[in-house]
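First comes the structure, then the notes that go with it.
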Ligand SMILES: *Cc1c(COP(=O)(O)O)cnc(C)c1O
C-alpha cells in the first residue's frame, strides 16, 4: 500500500463551491418550496410532466421499480447489464425484486442485443435498465424498438449522465422513466441526491402517490449533509485530496453491494445547492469535454458505439490488454497521483450476496470488462500536464487493446 503525500487527482469531481453551500443554507427554512422549484425547472428543461427529487439514485430506482410493479403486479424481475454499478442490484433487492442479467456486447459497455431478445420473452420481466456508464450513451432507442410490442418498461439509468445529450436528444428522457444521481463523483452533485423523470402519466401518477408517503430529511440529517458538503468542497482539491484519500475509514472509491439505505425526498438544503444546476452542468461538461477530447486525441479509444464524437463523460473508460497491465497502470497512477481508477470490482454475477444468479461463465464479456477496465479522470482539476502523464502510462508498452 503506497501512501502519497502531495498533489493527487481524485478520479471524479463535481466541485461544490462555498457559494452553492451558502445558497443551500439560505433556503433551509423554505421547506418544500425549494425542492418543488428545482423539480419544476427540470420538468420544463426536460419537457416532461413529472419530476421528483429524492435522496439518491438508489432511492430513485427503488421508488420507480415499486411504481412499475403497481402497474404490473404479476411481474417482479428486472433486467440489467451484467457489468454496472453495484447500487443497481442493491436497489432491486431492496425493492424486493429479482435481478436478471444480460451480457454486454464485446468492445462496448452496452447490452449484447443479440442476447437480450430471449430475455424479453420472460413473462415475469417488469423492466429493462439500459445504463449510460461513465456517460457513454447506451442505445435506448434500439431497446425501445425491440421491446415495443411487449408490456415491459424501459428504465433509463442516467445516474452518471445528468445533463448529457446524444444525437440531439436529452439523456434521461429516452425510456419510459429515467433517473439521475447527484451523489459524489457524478456529473453534478449535491453531496447525495437523485432525480426521477417521466412523461408517462400512469407511471407519474403512481410515483406521485408513493412520494407522498416517504419521509423527509430531519435537522440532524441536514446538519450531516452540511458538514459533508463543506468537507467535499475542500477535500476535492488535488493539493488536499491526498489527505482524505489516505484515511482508510473514509473508504473513498470503494464499491459495495448494500441494499440498506434511506429513501427520502430531497431536502431544501440540497435543492438550494442545486439552484444553479444548469450553469454548473454546462461549465462542468465543457471542462470534462476538453480533457476527454485531449485524451482521445492521443489515440486512446473509448469503448462503445461512438465513432468520432466523444460524448459527455464523467470518467474516460479504457479497456487495457489484460489484468496484469491494469494492475501496473493503477499502481503507477497511485504513486504519481494521477487519479486513474478501477471500474467496479467484478461483474454483477460475482456479487456473493446475489446467490440466485446463474454461475459459471455465463457473462464472459462483463467479466472481461471488469478485469480490464480502468477509468481516466477528465474533471476540471485535470490539467494539460496531467493528461500527458496519464496518456504516457498507456504508451509505455502495448498497454491498450489494439
Ligand atoms: C451511482 C449510480 C447509481 C446510484 O446512485 P446513488 O445516488 O449513488 O445512489 C445507480 N446507477 C449507476 C449506474 C450509478 O453509477
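Below are the figures for this structure:
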item	result
Criterion: surrounded by 13 or more Cβ atoms within 10 Å (Cβ to Cβ) and closer than 30 Å to residue 30 by Cβ - qualifying residue of 284, 302, 250	284
Matching residues in the range 35-71 - criterion: being over 22 Å from residue 131 (Cα atoms) and within 21 Å of the chain's Cα centre (by Cα)	38, 39
Residue 356 being under 30 Å from residue 78 (Cα atoms), within 18 Å of the chain's Cα centre (by Cα) and either at pLDDT below 95 or surrounded by fewer than 22 Cβ atoms within 10 Å (Cβ to Cβ) (or both)	no
Scan of the range 204-238 for residues that are within 16 Å of the ligand (Cβ to nearest atom), assigned to a helix (DSSP H, G or I) and in contact (Cβ under 8 Å) with a residue 40 or more places away in the chain, ordered by number	221, 225, 229, 232
Any hit, the range 390-402, residues being in a loop (DSSP other than H, G, I, E, B), touching a strand residue (DSSP E or B) at 6+ places or on another chain (Cβ under 7 Å) and more than 23 Å from residue 187 (Cβ to Cβ)	yes
Residue identified as surrounded by fewer than 24 Cβ atoms within 10 Å (Cβ to Cβ), over 20 Å from residue 140 (Cα atoms) and either within 21 Å of the chain's Cα centre (by Cα) or modelled with pLDDT of 95 or more (or both) among 74, 32	74
Hits in the range 105-126 - residues which are out of contact with any helix residue (DSSP H, G or I) (no Cβ under 8 Å at 6 or more places or on another chain) and away from the ligand (no atom under 16 Å from the Cβ)	107, 114, 115, 118, 119, 121, 122, 123, 124
Hits in the range 374-386 - residues which are free of Cβ contacts under 8 Å to residues at least 60 places away in the same chain and surrounded by fewer than 22 Cβ atoms within 10 Å (Cβ to Cβ)	383, 385
The range 78-101, subset away from the ligand (no atom under 14 Å from the Cβ) and in a strand (DSSP E or B), residue nearest to residue 375 (Cα to Cα)	101
Scan of the range 254-274 for residues that are under 21 Å from residue 379 (Cβ atoms), part of a loop (DSSP other than H, G, I, E, B) and in contact with a helix residue (DSSP H, G or I) (Cβ under 8 Å, 6 or more places away or on another chain), ordered by number	274
Subset of the range 244-253 (residues that are over 26 Å from residue 94 (Cα atoms), in a helix (DSSP H, G or I) and out of contact with any helix residue (DSSP H, G or I) (no Cβ under 7 Å at 6 or more places or on another chain))	245, 248
Filtered residues of the range 178-200 (kept if surrounded by fewer than 22 Cβ atoms within 10 Å (Cβ to Cβ) and either touching a strand residue (DSSP E or B) at 6+ places or on another chain (Cβ under 7 Å) or over 28 Å from residue 234 (Cα atoms) (or both))	199, 200
Residue 260 vs. criteria farther than 30 Å from residue 97 by Cβ and surrounded by fewer than 21 Cβ atoms within 10 Å (Cβ to Cβ)	no
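The values are calculated or read from the model by the stated rules, or taken from the named source; none is laboratory data. Here the structure is a predicted model, which means the values were calculated and not measured. Please note: Cβ atoms are built from the backbone with ideal geometry, for glycine as well, and neighbour counts cover all protein chains shown.
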